[in-house]
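Engineer: Have a look at this one.
The values are calculated or read from the model by the stated rules, or taken from the named source; none is laboratory data. As the structure is a computational prediction, the values presented were derived from the model and not from experiment. Cβ atoms come from the backbone with ideal geometry, glycine included; neighbour counts cover every protein chain shown. What goes into the accessible areas is simple: the full protein's heavy atoms, side chains included, and nothing from ligands, DNA or RNA. Shrake-Rupley method; radii C 1.70, N 1.55, O 1.52, S 1.80 Å.
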Amino acid sequence: MGVMHRVVHRARGRVGVRRYRRDMLKLAVVEGVLERITYANEENGYTVARVDTGRGSGDLLTVVGSLLGAQPGESLRMEGRWGSHPQYGKQFTVENYTTVLPATVQGIRRYLGSGLIKGIGPVFADRITEHFGLDTLQIIEEEPKRLIEVPGLGPKRTKKIADAWEEQKAIKEVMLFLQTVEVSTSIAVRIYKKYGDASISVVKNEPYRLAADVWGIGFLTADKIAQSVGIPHDSPERVKAGLQYALSQSTDNGHCFLPEEQLIADSVKLLQVDTGLVIECLAELADEEGVVRESVPGPDGGEPVTAVYLVPFHRAEISLAGQTLRLLRGAEDRMPAFQDVDWDKALAWLARHTGADLAPEQSQAVRLALTEKVAVLTGGPGCGKSFTVRSVVELARAKKAKVVLAAPTGRAAKRLAELTGAEASTVHRLLELKPGGDAAYDRDRPLDADLVVVDEASMLDLLLANKLVKAVPPGAHLLFVGDVDQLPSVGAGEVLRDLLADGSPVPAVRLTRIFRQAQQSGVVTNAHRINSGVPPITHGMPDFFLFAEEDTEAAGKLTVDVAARRIPAKFGLDPRRDVQVLAPMHRGPAGAGTLNGLLQQSITPARPDLPERRFGGRIFRVGDKVTQIRNNYEKGANGVFNGTVGVVTSLDSDEQRLTVLTDEDEEVAYDFDELDELAHAYAVTIHRSQGSEYPAVVIPVTTGAWMMLQRNLLYTAVTRAKRLVVLVGSRRALGQAVRTVSAGRRCTALDHRLGSFST
């Protein structure tokens, strides 16, 4: 019944409607068991939930507000206000809450069986409460060794339950402390796992450390925490953290540095402090080696600018330029046979071996790769890049060379292996990246290779490219293969474009001739039309279609129908495995976020026999297509990386663990508190699709994504398809995408360093 029921009862009985309405606005207290969460916004924590207040009628109360961290099964003590929703009726708006331990055997059983404590699911919750009754929680708290009395609970599981109980208590303390600043459960868990018992001390005294140390906490969250614990607005510590955050944001947008003037202006706007204070703090930060300042040529070789780098990006840029030139100019050659080979004979042997002749520019690329220590092969779809790579590998292996093949993603590596008949791996696996991001292979312990071929090189960001080039042994040949007209890497840098820049010492071949067989493909034809600024042909093609729909929301719904129903019905393709929706942006009614929810409902709907787990605003089910959204070097055999795609194969409520089979055929386990590392992947942004290839792609092109519509974005999306492209949306938006050339280059000085080091 509780306090609130009595308050409302008196209000109705004694005072009448006016007094009742006034009392509805007062702060009230409600206690109950959280039965289910019906909606949760993962960005702001707003939650709609149903709570059993224990009145015995079976009716559940609707509560709304920030219930960050609360899980079904927990008993909550909520402070808030009563109100009424025009559609859903009476509801309680929560302003803050605490968890309280349940007081009945049934409540304890429900609490333990909800999956809150690792090692206890519904079966063991029944056994434990049957054995200990109302003393259950006290036993777990004070005498956990007694759990061994319960049938089926051995010493190992008993210890695990005791440890999980202690960790849960400690995390709750951190969460209660952080509740005032709206930090999510998963971030509170990360803070605890990072700092342990020192968590609250770090949060109180060094909040800006969180932005550097804990994934998921950026400067803005750390700043909110800092303000709540009383750190002054104009504190130098705050300004320096803000400067580093502004630089970090710029690297997320692809820049390796920011011009000093721009950094100062961005930081003044972000921090709302005086320009003079920002300039002073930037100078101090440079003296403390928190950033590096260096004069570099301005855009397009203009007036020099003072570039400000975060230290790792400055080091990587200098290192990548230096290592590339050392490889290129080294006297040693691990494939000397190709320096004086009879190329007519070699190419004739190759034609007999492969059953096809090389075109002149392909022959040039093959010779370049086998005679130069570093080379680049670029070109669009249908121009023979794949066959050229296969030819390079065949000739190298004919001379007994050790060939190593790699690509940035699992899908691209699989494709490279199928193409060449040789083993290929992701760059991360090849280098055996370890926790912290260090590689097992580097300059001191290079790869055992005579030829290293890297496909989809447009995806290589500065940091990964530097790690790779450092691991190539002196005298080995390194061939970068990729389409420079696609979107640049998700991470900072434009490595492939910089290697191909005017004045670069790295030799390159660009394939331009479209082969006759490829000319019959609407996908290839239209990719080249788009890349040339010409609208695609959308009529009379067997593999390229446009479903016109001007309204953005209607286009989103039509995209789902096309991907989940129409393509599978007409072409016999599996909607989960073979069809990929590629959206220009994440937000909006035709964005990847909304489309994922609709596609999940259509392809993997809820079923009574299908295990699922809610996390924030997402529900994960067995069978879901998911993607990793951060680099995690501690997962899997050699880490799991941003963009890795897989399918959820199991979900264990007792162990609070979900398992994903990745597209590299590796099973990776995620604890439930790590699920913010995963997102659904029925629809992904075009940026995230780089390096992947799918039988069919569906692309919503709407006026709602106007600012994102650019030629290289649409070109990248279309070139992801092997067999079929369906555009859904507005002809006007399509025209905008084809006409709009990407605005400006990224801030990178790799091309300058390659050019200046080479002179």
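Engineer: How many residues does the stretch 298-314 hold that are touching a residue at least 60 places away in the same chain (Cβ under 8 Å), surrounded by 14 or more Cβ atoms within 10 Å (Cβ to Cβ) and assigned to a helix (DSSP H, G or I)?
Structural biologist: Counting residues in the stretch 298-314 that are touching a residue at least 60 places away in the same chain (Cβ under 8 Å), surrounded by 14 or more Cβ atoms within 10 Å (Cβ to Cβ) and assigned to a helix (DSSP H, G or I) gives 2.
Engineer: Give the stretch 107-118 a look and list any residue that's modelled with pLDDT of 80 or more and either surrounded by fewer than 21 Cβ atoms within 10 Å (Cβ to Cβ) or more than 18 Å from ALA164 (Cβ to Cβ) (or both), or say none.
Structural biologist: ARG109
Engineer: When you go through GLY216, GLY254 one by one, which is the residue that is at pLDDT below 85, under 22 Å from the mean Cα position of the chain (by Cα), open to solvent by less than 60 Å² (accessible area, probe 1.4 Å) and at positive phi?
Structural biologist: Going through GLY216, GLY254 in turn, the sole match is GLY216.
Engineer: Here's another thing I want to ask about it. So ARG566 fits all but one of (1) within 19 Å of ARG411 (Cβ to Cβ); (2) in a helix (DSSP H, G or I); what number is the exception?
Structural biologist: (1)
Engineer: Looking only at the stretch 664-676, which residues are touching a helix residue (DSSP H, G or I) at 6+ places or on another chain (Cβ under 9 Å) and crowded, with 21+ Cβ neighbours inside 10 Å?
Structural biologist: The answer is GLU664, TYR670, ASP676.
Engineer: Look through THR604, THR659, THR594, THR627 and report the one residue that is β-branched (Val, Ile, Thr) and either open to solvent by 40 Å² or more (accessible area, probe 1.4 Å) or in contact with a His (Cβ under 6 Å, 6 or more places away or on another chain) (or both).
Structural biologist: THR594
Engineer: Sticking with this structure for a sec: Using beta carbons and a limit of 9 Å, which pairs, at least six apart or on different chains, have the first residue in the stretch 604-619 and farther than 13 Å from SER650 by Cα and the second one modelled with pLDDT under 85 and open to solvent by 60 Å² or more (accessible area, probe 1.4 Å)?
Structural biologist: ARG614/ARG36; PHE615/GLU42; GLY616/GLU42; GLY616/GLU43; GLY617/TYR39; GLY617/GLU42; GLY617/GLU43; ARG618/GLU42
Engineer: I'm trying to understand the selection: among the residues of the stretch 381-413, which are in contact (Cβ under 8 Å) with a residue 24 or more places away in the chain, open to solvent by 10 Å² or more (accessible area, probe 1.4 Å) and outside any helix (DSSP H, G or I)?
Structural biologist: Residues satisfying the conditions are PRO381, GLY382, GLY384, LYS399, ALA401, LYS402, VAL403, VAL404, PRO408, THR409.
Engineer: Something else: So for the stretch 318-339 (the condition being in contact with a strand residue (DSSP E or B) (Cβ under 7 Å, 6 or more places away or on another chain), open to solvent by 60 Å² or more (accessible area, probe 1.4 Å) and more than 30 Å from ARG397 (Cα to Cα)), does at least one residue qualify?
Structural biologist: Checked against the condition, which is being in contact with a strand residue (DSSP E or B) (Cβ under 7 Å, 6 or more places away or on another chain), open to solvent by 60 Å² or more (accessible area, probe 1.4 Å) and more than 30 Å from ARG397 (Cα to Cα), the stretch 318-339 yields no hits at all.
Engineer: Just one of ASP461, ASP448 is crowded, with 18+ Cβ neighbours inside 10 Å and touching a Pro at 6+ places or on another chain (Cβ under 9 Å); which is it?
Structural biologist: Selected residue: ASP461, the only one of ASP461, ASP448 that is crowded, with 18+ Cβ neighbours inside 10 Å and touching a Pro at 6+ places or on another chain (Cβ under 9 Å).
Engineer: Applying the selection to the stretch 701-745, what residues are in contact (Cβ under 8 Å) with a residue 60 or more places away in the chain, assigned to a loop (DSSP other than H, G, I, E, B), out of contact with any strand residue (DSSP E or B) (no Cβ under 9 Å at 6 or more places or on another chain) and buried (at least 19 other Cβ atoms within 10 Å of the Cβ)?
Structural biologist: Across the stretch 701-745, the qualifying residue is only THR719.
Engineer: Pull out all pairs, ordered by first then second residue, where Cβ-Cβ is under 8 Å, the residues are six or more apart or on different chains, the first lies in the stretch 424-450 and is part of a helix (DSSP H, G or I), and the second is of a type in the set (S, T, N, Q).
Structural biologist: Matching pairs, first to second residue: HIS428/ASN638; ARG429/ASN638.
Engineer: I'd like to verify a number: residues in the stretch 293-326 that are within 18 Å of ALA465 (Cβ to Cβ) and more than 33 Å from the chain's Cα centre (by Cα), how many?
Structural biologist: 1
Engineer: Report, by residue number, each residue of the stretch 414-423 that is part of a helix (DSSP H, G or I), open to solvent by 20 Å² or more (accessible area, probe 1.4 Å) and either in contact (Cβ under 8 Å) with a residue 40 or more places away in the chain or not hydrophobic (A, V, I, L, M, F, W, C) (or both).
Structural biologist: Applying the first criterion (part of a helix (DSSP H, G or I)) to the stretch 414-423 yields 414-420.
When the remaining residues are screened for being open to solvent by 20 Å² or more (accessible area, probe 1.4 Å), the result is 414-415, 417-419.
Of everything in the stretch 414-423, those that are part of a helix (DSSP H, G or I), open to solvent by 20 Å² or more (accessible area, probe 1.4 Å) and either in contact (Cβ under 8 Å) with a residue 40 or more places away in the chain or not hydrophobic (A, V, I, L, M, F, W, C) (or both) turn out to be LYS414, ARG415, GLU418.
Engineer: Moving on to the next point. Across the stretch 82-92, what is the number of residues that are crowded, with 16+ Cβ neighbours inside 10 Å and not aromatic (Phe, Trp, Tyr)? Lay out the reasoning, then the answer.
Structural biologist: We begin by selecting, within the stretch 82-92, every residue crowded, with 16+ Cβ neighbours inside 10 Å; these are 82, 91-92.
From the residues that got through so far, the ones that are not aromatic (Phe, Trp, Tyr) too are 91.
Going through the stretch 82-92 one residue at a time, the tally reaches 1.
Engineer: How many residues, within the stretch 179-205, are at pLDDT below 70 and open to solvent by less than 40 Å² (accessible area, probe 1.4 Å)? Steps first, please.
Structural biologist: Initial filter on the stretch 179-205 (at pLDDT below 70): 179-186.
Subset that is open to solvent by less than 40 Å² (accessible area, probe 1.4 Å): 181, 183-186.
Result for the stretch 179-205: 5.
Engineer: Check LEU153, LEU137 and return the single one that is in a loop (DSSP other than H, G, I, E, B) and at pLDDT 80 or above.
Structural biologist: Result of the check over LEU153, LEU137: LEU153.
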